[in-house]
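Taken together, the values in this text are just the output of simple stated rules run on the coordinates, not laboratory data. Remember, predicted model here, so these are calculated numbers, not experimental data. Here the Cβ positions follow ideal geometry from the backbone for every residue, glycine too, while neighbour counts run over all protein chains shown.
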Amino acid sequence: MADAGTGKAPRGAPPAGGGSMDGLLATKEIVVACGPGGVGKTTTAAAAAVMAAIRHGSKVLVLTVDPAKRLANALGLDGIGNTEHRVPDEAFRSAGVKPRGQLWAAMLDTKESWDALIAHHAPDDQTRDEILANPLYQNIAGRFVQSHDYIAMERLYEIHSASDYDLIVVDTPPTRNALDFLDAPQRMADFFSSRLLRWLIVPYRSRLVNVATKPFYQIADRILGTEFLADISEFFILFQSMYAGFVERSDAVGRLLSDRRTTFVVVSTLEAVPLREAEFFAEQLTNRRLHLGAIVLNKVLPDYLRGAAGASVAESMKERAEEFAAQLSPTLTLVDPVLGDIDQIARVLTEVADGYLNFQVVALREMEERSSLSVVPDVLATVPFFETDIFDLAGLIRLGEQIWD
């Protein structure tokens, strides 16, 4: 039974997770996929979006803020950027399905998004043009104060506010960065109201340098140059003219993330390190009163590996390897005399048996890790370890079917 205050299950209790991804996504407008790197988060986010378009008849957008560009290839697109592109119906037909809805995809272009943000928040055309023309802005736009994380939240809010999509699935950077993704709007607002920033620009705003700061500026002028410092000051003075808009939008984004229409899906494998990271993020979501809709456990070994019957067969194969090899040798010799070597056959049988038993140890450890999850989501889904990488729409559908019901 979960603790009413934290949403956590007692350590060692099996997770509840009795719902389905189908039901979860049917009631949400925003799904934020997050988790450690290298666990299949991008493909899981895309697969969830694909299934919603196929099954719900929804107009779905998958938005990736991960710099990796794997998504376009998997969706059969030549390339994606800041502008949303529709996945053609032909791509679905080639995968053997007919979607009831539409699937669109976009990947965050940080610089382009910042330019659009400046145009939106600038108090007038002159301020907008001065910021866009400022040398400092041109050189560092998209690379300062966790701007990638901040602009991702801006882009999400902008797309959702336009109400063009029934569902938006967001693929975030790896876990620790995903926390920055959540905190970025408030951190940006804090930065533009910070004492350090005011201390830096006040002398240039007033054209007066007081006694306390004059030595600093004299040294800075010699090292960096007066023109560079002037560019910095002009840049931040202009940016502060948009402070109210930043704060207002930050509050709006925070409300959107905590809205009942938004849910988070944490993706992980059952390996110890990524699973602990995933638990950390799930706990952070719970502590922030954000909705933890699902945990998707990827690349899980099949259930049959945990069975006692399979282990018995493997043990018997090891113990009687030479006996079985002698029985197999005549048949294999007919195929190729080289294959009939009894010692070689026995070694192969022993290695195969050992391999099976080793996999069983991992499978049992995975089951233990799963049962010890400390956070209870609405949905707990597992995805088997696929023999091949997912590189096309058919593969995304195959993955999606595993998590959907």
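FRET efficiency for Arg93 and Ala326, Cβ-Cβ distance as r, R0 = 51 Å, nearest 0.05?
On the way: r = 54 Å, r/R0 = 1.06.
According to the calculation, E is roughly 0.40.
Given Cα pairs under 8 Å that are at least 6 residues apart, what percent is the relative contact order of segment 305-366?
Details: 53 pairs, mean separation 27.5, N = 62.
Across segment 305-366, relative contact order equals 44 percent.
Counting Lys and Arg as +1 and Asp and Glu as -1, what is the net charge of the other residues whose Cβ lies under 12 Å from the Cβ of Val362? Before the final figure, lay out each step's value.
Numbers: positive: Lys299, Arg306, Arg365; negative: Glu271, Glu366, Glu368, Glu369.
Once all neighbours under 12 Å are counted, the net charge is -1.
Counting other Cβ atoms within 10 Å, keep those with at most 10, restrict to DSSP loop, and tell me which GluC sites (Glu not before Pro) in segment 360-405 are left. Each step should come with its number before you reach the end.
On the way: sites: Glu366, Glu368, Glu369, Glu387, Glu401; in loops: Glu387.
Sparse-neighbourhood loop GluC sites (Glu not before Pro): Glu387.
How large is the translational diffusion coefficient of segment 305-366 in µm² per second when you combine the Kirkwood radius over alpha carbon pairs with Stokes-Einstein at 25 °C and 0.890 mPa s? Write down the numbers at each step before the final one.
On the way: Rh = 12.3 Å.
After rounding, the answer is 200 µm²/s.
What FRET efficiency, computed as 1/(1 + (r/R0)^6) with R0 = 45 Å and r the Cβ-Cβ distance, is obtained for Ala309 and Arg255, rounded to the nearest 0.05? Walk me through the intermediate numbers first.
Numbers: r = 54 Å, r/R0 = 1.21.
For Ala309 and Arg255, the calculated efficiency is 0.25.
Hey, fewest Cβ within 10 Å first, where do Ile237, Ile397 land in order?
On the way: Ile237 17, Ile397 21.
Listing Ile237, Ile397 from fewest to most nearby Cβ atoms yields Ile237, Ile397.
Quick one: plug the Kirkwood hydrodynamic radius of segment 284-405 (C-alpha pairs) into Stokes-Einstein at 25 °C, 0.890 mPa s, and report D in µm²/s.
137 µm²/s
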